[in-house]
Protein chains: 2
Amino acid sequence: MKYYIGIDVGGMSIKAGIVDGMGNIIAKETAPTEAERSSQEVIKTMYDLCETVIHKANLTKADIASVGIGSPGTVNSQKGIISFSANLHFKNVNVLKEFRTHWDIPVFVGNDANCAALGETLFGSGKGKKNAILITLGTGVGTGFIIDGKIYEGRNGEGAEGGHICIRMGGEKCSCGERGCWEAYASATALIRQTKKAMEKYPDSLMHQVAKEHGKVSGRTAFTAHLEGDKPAISVVTKYVKYVATGLLVLVNIFRPDIIIVGGGISHEGDYFIKKIEKYVRKHAFGRNLNRVPPIIRASLGNDAGIVGAAALGL
Amino acid sequence: MKYYIGIDVGGMSIKAGIVDGMGNIIAKETAPTEAERSSQEVIKTMYDLCETVIHKANLTKADIASVGIGSPGTVNSQKGIISFSANLHFKNVNVLKEFRTHWDIPVFVGNDANCAALGETLFGSGKGKKNAILITLGTGVGTGFIIDGKIYEGRNGEGAEGGHICIRMGGEKCSCGERGCWEAYASATALIRQTKKAMEKYPDSLMHQVAKEHGKVSGRTAFTAHLEGDKPAISVVTKYVKYVATGLLVLVNIFRPDIIIVGGGISHEGDYFIKKIEKYVRKHAFGRNLNRVPPIIRASLGNDAGIVGAAALGL
């Protein structure tokens with residue numbers, strides 16, 4: 001039996017795991033990214049983690065079929081190059097070549113959201129679906145597209161930047177420098193900003209108490225207070241659902257996938273949140289009375305999606 | 001040598017042509033659609049046009065390899081069904097089956113914008129490009145997507161509705177019933193509305209004189225006056241360019257194609273208009289400093305794009 005290593009590289013930590021052909025993680029390990037280091041050093045850490053997890057799983061290098069690396073940013077998967085990643089301070093780094101100076105094994109590199117989308121359609125909640133969109137609602141908004149069972153990343157991996165589609169011309173400033181991006185409305189960061197704004201306006205809102213209990217305003221503050229019937233919180237949640245759904249509608253009207261998978265921190269809020277989004281999308285999709293709108297479900301691989309998805313690049 | 005028939009079905013007229021393997025039209029003919037008729041009658045007219053053009057070209061049925069039909073609306077090309085077309089009053093019409101009651105020949109059915117995109121990448125200004133987006137700026141905004149040399153139309157042909165991506169939440173009302181759609185800002189219809197609004201506000205604008213000379217306010221009114229330095233017209237054109245470019249940016253950030261092709265009535269305004277759009281897209285695309293932004297060019301097949309594109313379905 002062959003095993004696949006998946007490496008999930010983030011700005012804070014690098015996670016590596018050994019995955020079997022069914023998507024099960026046999027062993028995993030984490031190390032800090034220390035992104036201020038050179039790309040060579042970061043890639044050496046990836047390799048060291050491989051050695052560690054192989055040892056942990058009582059395997060040898062000969063048991064491993066391939067190594068998959070999932071990274072944030074623009075990834076040219078055909079060439080194995082991370083063209084640009086703000087979180088990793090990488091710019092045109094040939095990860096494939098550099099990694100193989102340590103270990104001569106098939107190496108695959110992909111964008112992390114794309115990897116997660118692949119993992120979910122192979123082993124997660126989108127299992128068996130040939131056309132899927134995954135979105136992650138976290139610090140930013142990530143998108144991954146599976147078309148005909150394969151990752152779609154645009155020319156040279158420069159596409160699939162769904163977080164930066166404009167949903168409101170001249171609207172909120174986005175981290176990318178533009179205005180009105182979906183990410184500037186639908187990320188956890190945006191939700192926290194929207195929550196704080198509503199709290200300023202409504203000093204009596206339950207959100208103040210919720211935030212106090214948790215020590216800070218988070219992506220959960222408005223959701224928690226809205227479940228208690230707090231009107232300003234209900235307003236924040238209703239608007240946030242509309243923001244998430246508006247971007248999804250753009251993707252639905254273009255791709256009309258078999259399924260939409262929602263992941264990232266905010267998705268943990270629960271199925272009731274996903275149902276609200278689905279309701280809005282169904283109501284507003286183009287040809288809503290005639291065409292079928294894809295179901296929207298929660299990602300199921302959770303924190304392991306990165307490892308499993310990266311490993312899946314080698315399947 | 002084999003020939004291909006392309007049929008371009010519109011709400012007003014049906015055009016049919018015989019196309020050779022190089023994309024040249026050998027003969028063509030037009031008939032009124034009379035869309036109030038039954039689908040059977042409309043499809044019979046399509047067949048009659050085939051007979052006419054074959055005769056016109058001094059060919060016989062045996063010289064024809066296939067018939068391609070391009071239609072507005074939602075087309076399930078795999079099944080040969082026009083699921084919905086407002087212009088044709090068609091709803092779940094199996095065009096393939098019905099056409100073949102007249103003539104037992106390979107028949108292909110596709111959305112008209114998709115056909116035009118295919119035609120342009122095979123024989124027009126996008127020749128040789130594997131990944132292309134075509135947009136048409138006419139009564140509405142149509143979009144066609146070519147991925148890896150093939151039409152991408154989403155599941156059951158229900159996707160690729162780029163005209164109905166939301167670029168301004170809560171914005172202008174669109175013909176589809178939603179608000180803020182790209183079409184509601186970038187179509188010729190929208191441009192005329194924007195022009196009229198500016199004319200009301202500026203009674204001294206040159207646009208009044210231009211409109212008077214042409215007998216009406218058209219999609220050209222603001223462009224003509226802006227070339228003469230009329231400030232309100234310059235403002236209309238500048239904003240319109242921004243509207244067109246904003247929707248294109250959504251598509252660029254998702255697909256990052258090799259080329260973007262602009263067709264439809266407004267594209268005849270000329271290359272200077274296309275250059276303005278290109279400039280805006282280059283300035284605002286995600287990763288603009290690092291990624292290559294695809295060139296934007298005018299469609300070159302003009303009024304024949306529908307016939308050539310439909311015929312290309314059979315190639």
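The values are calculated or read from the model by the stated rules, or taken from the named source; none is laboratory data. Worth saying up front: this structure is predicted, and the values here are computed from it rather than measured. All Cβ positions, glycine included, derive from the backbone under ideal geometry; neighbour counts span all protein chains shown. Please note that ligands, DNA and RNA were not included when accessible areas were found on the heavy atoms of the full protein model with its side chains. Shrake-Rupley method; radii C 1.70, N 1.55, O 1.52, S 1.80 Å.
Assess whether A:Arg256 counts as being among the basic types (Lys, Arg) and at pLDDT 95 or above. Break it down stepwise before answering.
Details: among the basic types (Lys, Arg): yes; at pLDDT 95 or above: no.
No.
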Checked pairs for segment B:85-101, first closer than 19 Å to B:Gly142 by Cβ, second assigned to a helix (DSSP H, G or I), C-beta under 6 Å and 6 or more apart or across chains, list as B:Phe90/B:Ser39
A:Ala160 passes all but one of the listed conditions (1) hydrophobic (A, V, I, L, M, F, W, C); (2) assigned to a helix (DSSP H, G or I); (3) on the phi > 0 side of the Ramachandran plot; the exception is number (2)
The condition from (1) open to solvent by 10 Å² or more (accessible area, probe 1.4 Å); (2) more than 14 Å from chain B (Cβ to nearest Cβ) that A:Gly119 misses is numbered (1)
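Residue by residue, here is whether (1) more than 14 Å from every other protein chain (Cβ to nearest Cβ); (2) hydroxyl-bearing (Ser, Thr, Tyr); (3) open to solvent by 10 Å² or more (accessible area, probe 1.4 Å) holds:
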{"residue": "A:Gly170", "(1), (2), (3)": "no, no, yes"}
{"residue": "A:Cys181", "(1), (2), (3)": "no, no, no"}
{"residue": "A:Ala190", "(1), (2), (3)": "no, no, no"}
{"residue": "A:Ala198", "(1), (2), (3)": "yes, no, yes"}
{"residue": "A:His208", "(1), (2), (3)": "yes, no, yes"}
Can we say A:Thr238 is polar (S, T, N, Q) and in contact with a Leu (Cβ under 9 Å, 6 or more places away or on another chain)? no
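If we only count helices (runs of 4 or more DSSP H) wholly inside segment A:207-305, which ones have 3 or more residues that are of a type in the set (Lys, Arg)?
Numbers: elements: A:221-227, A:231-255, A:271-284.
Result: A:231-255, A:271-284.
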Residue hits (segment A:147-159; surrounded by 24 or more Cβ atoms within 10 Å (Cβ to Cβ) and either touching a Ser or Thr at 6+ places or on another chain (Cβ under 6 Å) or at pLDDT 90 or above (or both)) are A:Gly157, A:Glu158
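For A:Leu249, state whether it is without any contact (Cβ under 8 Å) to a residue 12 or more places away in the chain, in contact with a Phe, Trp or Tyr (Cβ under 9 Å, 6 or more places away or on another chain), aliphatic (A, V, I, L, M) and open to solvent by 10 Å² or more (accessible area, probe 1.4 Å). Walk me through how you get there before you give the answer.
Working: without any contact (Cβ under 8 Å) to a residue 12 or more places away in the chain: no; in contact with a Phe, Trp or Tyr (Cβ under 9 Å, 6 or more places away or on another chain): yes; aliphatic (A, V, I, L, M): yes; open to solvent by 10 Å² or more (accessible area, probe 1.4 Å): yes.
No.
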**Asked** Just wondering, is there one or more residues in segment B:227-246 that are in contact with a strand residue (DSSP E or B) (Cβ under 6 Å, 6 or more places away or on another chain) and modelled with pLDDT under 95?
**Response** no
Going by what's in this entry, would B:Lys231 be described as surrounded by fewer than 23 Cβ atoms within 10 Å (Cβ to Cβ), within 12 Å of chain A (Cβ to nearest Cβ) and farther than 16 Å from A:Glu161 by Cα?
no
Report task. Report yes if some residue within segment A:187-197 is assigned to a loop (DSSP other than H, G, I, E, B) and touching a residue at least 40 places away in the same chain (Cβ under 8 Å); otherwise report no. Result -> yes
Residues of segment A:122-146 being open to solvent by 10 Å² or more (accessible area, probe 1.4 Å), polar (S, T, N, Q) and within 14 Å of another protein chain (Cβ to nearest Cβ), in sequence order, are A:Asn131
Subset of segment B:48-90, residues in contact with a strand residue (DSSP E or B) (Cβ under 9 Å, 6 or more places away or on another chain), at pLDDT below 95, outside any strand (DSSP E or B) and open to solvent by 10 Å² or more (accessible area, probe 1.4 Å), comes to B:Pro72, B:Gly73, B:Ser77, B:Lys79, B:Asn87
Within segment B:242-266, residues farther than 16 Å from B:Ala184 by Cβ, touching a helix residue (DSSP H, G or I) at 6+ places or on another chain (Cβ under 7 Å) and within 13 Å of chain A (Cβ to nearest Cβ) come out as B:Leu249, B:Leu251, B:Val252, B:Asn253, B:Ile254, B:Arg256, B:Pro257, B:Asp258, B:Ile260
Residues of segment B:286-303 being modelled with pLDDT of 85 or more, open to solvent by less than 50 Å² (accessible area, probe 1.4 Å) and under 15 Å from the mean Cα position of the chain (by Cα), in sequence order, are B:Ile297, B:Ala299, B:Leu301
In segment A:11-33, anything under 25 Å from A:Thr74 (Cα atoms) and surrounded by fewer than 17 Cβ atoms within 10 Å (Cβ to Cβ) is listed as A:Gly11, A:Met12, A:Ser13, A:Thr30, A:Ala31, A:Pro32
